[in-house]
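Take a look at the structure below.
The values are calculated or read from the model by the stated rules, or taken from the named source; none is laboratory data. From a predicted model like this one, the values you see are computed outputs, not experimental measurements. Here the Cβ is made from the backbone with ideal geometry for all residues, glycine too, and neighbour counts use every protein chain on show.
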Amino acid sequence: MSTSAGIDTPSELTFERSLYVGIQITGILYGLQLAIYVLSCHLILRSPRAQKQDTSLYIVFGGVLVVLWTIALACNAIFGQNAWIDHRDIEGGPTAYISSHISDPYNTTGTTAGVMMNFLSDALLIYRCYMIWGSCWKVILFPVLLWLGGLSMSILLIYESAQPGANFFVGHAVDFGIPYISLTISLNIIVTALICGRLLYLRRQVGNVLGQSYAKMYTSLVAILIESAALFTALGIVYVIVYARKSQSSIALVQVWGDFCAISPQLIILRVAMGQGWTKDTVGKLTSPSITFIHDFDADDKNLSSIV
């Protein structure tokens, strides 16, 4: 806590700075995510009717992410205003307010919205893994178990951090928070590795069946990073290390990591809307046993151009 003179300790100042920086970065990334969602909706709504039917669910999914992120951002903004402006004159200053009000209902609502974003993102990642692996349910069995385990830990974490005087980052809440984060990150690592491995395996097959231009579209480095949510996973690994050490700077990392719970799925949806993302049709063309020949679409395009 603060000293009797109302001067924050170095640890408290680090926590406040991290909270403030995290809120600012979140505001910037929120605008980016909103722009990606609007662009995705525009492309999907302008797509052919058959394709629109296959991708319209992504509009709803992306919209839910936007709503959840809006709730989390609004709660953080209110919390910052209360701590640094409206109630900065309480005994102990902003740090005392943050410590005693971090479990307030509206703040817990923001935390819950962030956790829900995480599990929706993980669910989409598991579904994409299932699809890219040709609807093989055995591949995703263990990730689904991790997803359910993380969900149960998150419920206990939210319940514990909502108790009066509790704190998401210290005390008993950490006892549930570390297993929750560890299960979630383990899930991300496994699914990311499965997707990356599968796409690398299919790289040559994409070129043979769909043509070299399509191979670059579906198996380029950018495509693999987006489809596997690699950046989201990397941020999660850094966060779980910092959180387990109970560092005061973890509050900034958890906000940025939480932001990518929404940005990573939105990037996948954008690629699908642009016609560059993996779909069931794409996977079906590559894994169907009925394909017994190699067709080079690039060569056909060149021949057609020479005829014309």
Legend entry - Criterion (within 27 Å of residue 206 (Cα to Cα) and of a type outside the set (A, V, I, L, M)) met by exactly one of 99, 135, 152: 135
Inset, instruction - Test residue 54 against the stated conditions and say whether it is of a type in the set (D, E, K, R) and either at pLDDT 85 or above or assigned to a loop (DSSP other than H, G, I, E, B) (or both). - result: no
Inset, instruction - Determine the pairs where a residue that is at negative phi, located within segment 57-82, has a partner that is surrounded by fewer than 17 Cβ atoms within 10 Å (Cβ to Cβ) and of a type in the set (Val, Ile, Thr) with Cβ atoms under 8 Å apart, the partner being 6 or more residues away or on another chain. - result: 71/109; 75/109
Inset, instruction - Answer with yes or no whether residue 98 is at pLDDT below 85 and assigned to a helix (DSSP H, G or I). - result: yes
Inset, instruction - Only helices (runs of 4 or more DSSP H) wholly contained in segment 107-220 count here; list those with 3 or more residues that are modelled with pLDDT of 80 or more and of a type in the set (A, V, I, L, M). - result: 137-161, 172-210
Legend entry - Tally of residues being at pLDDT below 90 and surrounded by fewer than 20 Cβ atoms within 10 Å (Cβ to Cβ) across segment 61-77: 1
Legend entry - Complete set of residues in segment 98-123 that are within 15 Å of residue 71 (Cα to Cα) and among the aromatic types (Phe, Trp, Tyr): 106
Inset, instruction - Please specify each residue of segment 100-130 satisfying the condition of being farther than 12 Å from residue 191 by Cβ and aliphatic (A, V, I, L, M). - result: 102, 113, 115, 116, 117, 120
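State which residue is nearest to the chain's Cα centre (by Cα) when the search covers only segment 86-133 and only residues that are within 24 Å of residue 277 (Cβ to Cβ) and of a type in the set (D, E, K, R).
Checking each candidate, the answer is 122.
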